[in-house]
1. Over the Cα atoms of the chain, each weighted equally, I'd like the Debye log10 I(q)/I(0) at q = 0.08, 0.12, 0.15 Å⁻¹, rounded to two decimals.
2. Pull up the cross-link candidates among the aspartates and glutamates for Lys173, meaning alpha carbon to alpha carbon under 12 Å and not fewer than 8 places away within one chain.
3. Rounded to whole Hz and in sequence order, give me ³J(HN,Hα) for the stretch 237-248 from the Karplus expression 6.51 cos²θ - 1.76 cosθ + 1.60, θ = phi - 60°, writing x for Gly and Pro.
4. Pick out, from Val284, Phe259, Phe317, the residue whose Cα sits farthest towards the positive end of the charge dipole of the stretch 231-324, with +1 on the Cβ of Lys and Arg and -1 on the Cβ of Asp and Glu.
5. Please find, in a Gaussian network model of the chain (springs between Cα atoms separated by less than 10 Å), the residue of Arg52, Arg215, Arg231 whose mean-square fluctuation is greatest.
6. Please give the length that would be gained between Gln318 and Glu247 if that part of the chain were fully extended, namely 0.36 nm times their separation in residues minus their C-alpha to C-alpha distance (nm, one decimal).
7. Could you let me know the centre-to-centre spacing of the stretch 117-169 and the stretch 219-295, using Cα atoms, in angstrom?
8. Going by average Cβ neighbours within 10 Å, how do the peptides 118-124, 289-295 rank, with the highest at the top?
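Each reported figure results from applying straightforward, stated rules to the coordinates on display, with no laboratory input. Note that the structure is predicted; figures quoted are calculated from it, not measured. A quick note on method: Cβ atoms are made from the backbone with ideal geometry, for glycine too, and the neighbour counts reach across all protein chains shown.
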Amino acid sequence: MLKLLFLLVALFLNLFALCGNSANFDSCKQKVIDSKTVVNESLQIPIEKNQRLIFSQTPPTQKIIKYDPFLSLYLVEESYGFKYPFRFNSKFSGNRAVINDKVALKGEIVKHQIGVDSFAQYSQNLLNLGVVINGCCYLEAIVTPRGAIEKEYIQRFIDTKKVSYGDFGIKIKDTEKSVIVDESNPFLDGNLFKKGDLIVEFDGKKVTNSAALMRDILFSEVGSAHSAKVRRDGSELMLNMTTKNRESGGFVSEKPLEFFGISYDENLLVIKTDKEAEAHGVIVGDRLLQIEAQSVKTKEDIYKIFSGGKKTAILLFQRDDFQFFVNIN
């Protein structure tokens, strides 16, 4: 019995060594090629149950099981499965590489994914499309033009029946050994956070990094109750909140002015209005130039102005050769 246990331990250690210290990842690269994982401008990764995990910014032709618009991921059926589907790494550490059908670059993830807005960063210059895997060809992340989507997000997408994410109306970042609120959406009902809040605890547990905290927020069930201890202006406050359904982020554009009934394109040209916007004189075709005398050119410029808690503003629009102000509240 003891001898058998010794042999099993030795086998496990040998497997660990092989998975953690693959010299050149040639076999994994060949698997990527044979499985046709990289197809034009998409990733089509074979996984178990005759399914493929697809990253694509256009809908695939296969039968779609479900879709995550925030990460632009699809789970699809295929008539026949790849003989050796990819699995997710949950046990082995060691060497990793980012691989596509042309190259394999060894390296490490140096910055973890913070929600659907800030993808992970790799120590090597990331390929346009590829997979991050270990020496046993287990998946760690997939590489997109915006960065790497890590396995926790991919696995959750595959495992959950309905794709949704929680929202507290905040964006967060790491500063030294603390996590602070970088932006706060004042239009989200029940948002008690303010820009600059230092988040000390979430649901009674110490907060150590923004990547883990944002996963807790995004993966929380819509309608569930939570608490957070924050440090604000030298005082500690306990905030109680309810998870809202996330409406934007990642590959779903954020458009703060839609709270005022104004929809616009990437050039801040108004493409749709509701009765509230029309009552202020805004019509389709108007172009937004300024908010509170600050020039705006992108949706990110708009979000930053409102993230400090503003709920009213004076907007400057242009219609043909005429410019006019609109006061929204």
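1. -0.48, -0.97, -1.24
2. Within the straight-line limit of under 12 Å, Lys173 reaches these aspartates and glutamates: Asp117, Asp182, Glu183, Asp197.
3. Result, rounded to whole Hz: 10, 9, 9, 10, 9, 10, 5, 9, 7, 6, 10, 8.
4. Farthest towards the positive pole: Phe259.
5. Maximum fluctuation in the GNM of the chain, among the listed residues, is at Arg231.
6. On the way: separation 71, 0.36 × 71 = 25.56 nm, distance 2.84 nm.
Here the answer is 22.7 nm.
7. 26 Å
8. Working: 118-124: 18.6, 289-295: 13.4.
Most protected by this proxy first, the peptides run 118-124, 289-295.
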